[in-house]
1. What are the residues in region 61-83 that are touching a Phe, Trp or Tyr at 6+ places or on another chain (Cβ under 8 Å), in a strand (DSSP E or B) and closer than 17 Å to Arg25 by Cβ, if any?
2. Could you check region 58-67 and list, in sequence order, the residues that are touching a residue at least 12 places away in the same chain (Cβ under 8 Å) and acidic (Asp, Glu)?
3. Could you run through region 81-97 and say how many residues are within 24 Å of Ala13 (Cα to Cα) and surrounded by 13 or more Cβ atoms within 10 Å (Cβ to Cβ)?
4. Please identify the pairs in which a residue from region 79-95 that is in contact (Cβ under 8 Å) with a residue 12 or more places away in the chain and under 19 Å from Asp60 (Cβ atoms) has its Cβ atom under 9 Å from the Cβ atom of a residue that is of a type in the set (D, E, K, R) and not in a loop (DSSP other than H, G, I, E, B), counting only partners at least 6 apart or on another chain.
5. Filtering region 18-60 down to residues that are small (Gly, Ala, Ser) and part of a loop (DSSP other than H, G, I, E, B), which residue is surrounded by the most Cβ atoms within 10 Å (Cβ to Cβ)?
6. Kindly indicate the residue of region 1-17 that is part of a loop (DSSP other than H, G, I, E, B) and not β-branched (Val, Ile, Thr) and also nearest to Leu79 (Cα to Cα) among those meeting that condition.
7. Can you name the residue in region 22-55 that is among the hydrophobic types (A, V, I, L, M, F, W, C) and free of Cβ contacts under 8 Å to residues at least 24 places away in the same chain and is also farthest from Glu91 (Cα to Cα) among such residues?
8. Does Leu28 qualify as being among the hydrophobic types (A, V, I, L, M, F, W, C) and out of contact with any helix residue (DSSP H, G or I) (no Cβ under 9 Å at 6 or more places or on another chain)?
Amino acid sequence: MLQFDTFPHPVPALRHVYPFAVNLRSALIALGEDTVIAPLVPRQQFPEMPGRLSPIVTIDDAEYVVVVEKLTTVPVRSLPRRIANISAYRESILGAIDLLFFAV
């Protein structure tokens, strides 16, 4: 599994709100059986531009917001099949994480 691989949300009951999740852990850091994910929300669910804390990404011609303030860990084995890799948005995702944790 690669960093920025995107999957259907691992909790089926949450997929109506968060259809997808993105793996944020580096493939070089394989500690334990868990990984760190952030949920993705359809862009139209945000009434205003979400700003730098919530980067917008595109998957299959649809826009989603990466909700980094809802980071969580899940067992790697709970992630369904990969549907995309959004590494093209690396800079904006890492910028949001920097803002969340370091206010930069």
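The values are calculated or read from the model by the stated rules, or taken from the named source; none is laboratory data. Note that this is a predicted model, so its numbers are computed, not measured. Here the Cβ positions follow ideal geometry from the backbone for every residue, glycine too, while neighbour counts run over all protein chains shown.
1. Val66
2. Answer for region 58-67, where residues must be touching a residue at least 12 places away in the same chain (Cβ under 8 Å) and acidic (Asp, Glu): Asp60, Glu63.
3. So the count comes out to 5.
4. Cβ pairs passing all conditions: Leu79/Asp5; Arg82/Asp5; Ile83/Asp5; Ala84/Asp5; Asn85/Asp5; Ile86/Asp5; Ser87/Asp5.
5. It comes out as Ser54.
6. Top of the filtered list is Pro10.
7. Residues of region 22-55 among the hydrophobic types (A, V, I, L, M, F, W, C): 22, 24, 27-31, 36-38, 40-41, 46, 49, 53.
From the residues that got through so far, the ones that are free of Cβ contacts under 8 Å to residues at least 24 places away in the same chain too are 28-31, 46, 49.
On the way: Leu28: 18, Ile29: 19, Ala30: 22, Leu31: 24, Phe46: 21, Met49: 18 Å.
Here the answer is Leu31.
8. Considered against the rule, which asks whether it is among the hydrophobic types (A, V, I, L, M, F, W, C) and out of contact with any helix residue (DSSP H, G or I) (no Cβ under 9 Å at 6 or more places or on another chain), Leu28 comes out as yes.
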